[in-house]
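Presented below is the structure to which this report refers.
The values are calculated or read from the model by the stated rules, or taken from the named source; none is laboratory data. Note that the structure is a prediction, hence the values are computed from the model and not measured. Cβ atoms come from the backbone with ideal geometry, glycine included; neighbour counts cover every protein chain shown. Heavy atoms of the whole protein, side chains included, go into the accessibility calculation; ligands, DNA and RNA do not. Shrake-Rupley method; radii C 1.70, N 1.55, O 1.52, S 1.80 Å.
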Amino acid sequence: MALMEKLARIPSSWFSRTRQGELKKVVVDDVERAEGFIAHSLPDAVTAVATPLVALAAMLLVDWRLALLLAVPVVLSFALLGAALGRPEGTACQVAMARSAEAFSGTAVEYAHGMPVVKVFNRSLSAFGRFERDAREFAGNVRWATEFNARGMGLMYAVIGTQMLLIAPALVALAAAGEPAGSLLSKALLFALVGGGMKEPVLQMVVKAVDLNSINASVARVDEVLAAPEVEEPADPMVPASHDVRFEGVSFSYDGADRPAVDRVTADFPQGTVTGIVGPSGGGKSTLAELALRLVDPQEGRVLIGGVDVRDIASDELYRACSFVFQESFILSATVEENIRMG
């Protein structure tokens, strides 16, 4: 809910730099992953940690020497895994995989959403080329992460189940030292059962620990959206005295553009008149409308409504005075009446 409320306060220009698929991944997939961890994985993680600790404590009461041997493979496997995954490359490959997944998701959504336009303009090959590049980049990063993790995970799996390899010679040593046969047999059975059963909860603990890295990456992407700059509301909002619109030396450039979309425009649009703005594609017609509606703010000059800078008008007041129709319509999955009443 906080994300959706935040999106309503972010400048419209932010959305032009963000793909639909990337935003969908953050709002749906990353949030769901964090929710799943809190609701399901957290209790499982507590169980995974508590079970081997309680079992080890009980075994310490039975025979501290054998109990310590049970802990050796667990400690060693965690040390091997930490040494392998703790390198900077591990974080880099996880970040690269997440970023390329977002890009691929965005391209896939755009490719499917824009298929009618792609077909009309016969651009199937060029559109598919971008889709293929993003897919290959994602696959390459998955392979990078898999190959990087393979050694550490392989060593961990090889070591973590070796309790009995240590317990068996220890039991032989106890028998040679004169341990009574009855006591030795009961210990052998008990430690065989407990030692063999410790592997699964410890592996579950490892899986949760690895998942936590992925959860942290998801939360970081959510935090990026929550930290995005918002439309600044005026501290002392003013109310326009009329509906005259005036541009005074207004300039605006989009990020990465090699020239301004609007360059030092000065114009008056008196109240009660109708003005048509005509020009080629990319000439700045839509940008002028966006500036008047404060969907973007000018980098130079100012836009006035009723003699008041639009940046000094509260958003609610501004949109009570303005109505607009977008070039690309969006209709909710509801009745026509409900769509109209949304306005």
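Structure data summary
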quantity	calculated
VAL117 free of Cβ contacts under 8 Å to residues at least 60 places away in the same chain and surrounded by fewer than 18 Cβ atoms within 10 Å (Cβ to Cβ)	yes
All helices (runs of 4 or more DSSP H) inside the range 141-230 with 3 or more residues being modelled with pLDDT of 85 or more, open to solvent by 40 Å² or more (accessible area, probe 1.4 Å) and within 30 Å of VAL26 (Cβ to Cβ)	199-226
Matching residues in the range 1-13 - criterion: being under 14 Å from PRO229 (Cα atoms), open to solvent by 90 Å² or more (accessible area, probe 1.4 Å) and assigned to a helix (DSSP H, G or I)	GLU5
Residue match in the range 31-47 (condition: open to solvent by less than 60 Å² (accessible area, probe 1.4 Å), under 29 Å from ALA192 (Cα atoms) and without any contact (Cβ under 8 Å) to a residue 24 or more places away in the chain)	no
Listing of helices (runs of 4 or more DSSP H) fully contained in the range 14-108 that carry 2 or more residues being over 25 Å from GLY140 (Cβ atoms)	31-36, 42-62, 64-85
Whichever residue in the range 237-259 is farther than 25 Å from GLU317 by Cβ and of a type in the set (Asp, Glu) and, among such residues, is least open to solvent (accessible area, probe 1.4 Å)	ASP255
LEU81 being buried (at least 20 other Cβ atoms within 10 Å of the Cβ) and at negative phi	yes
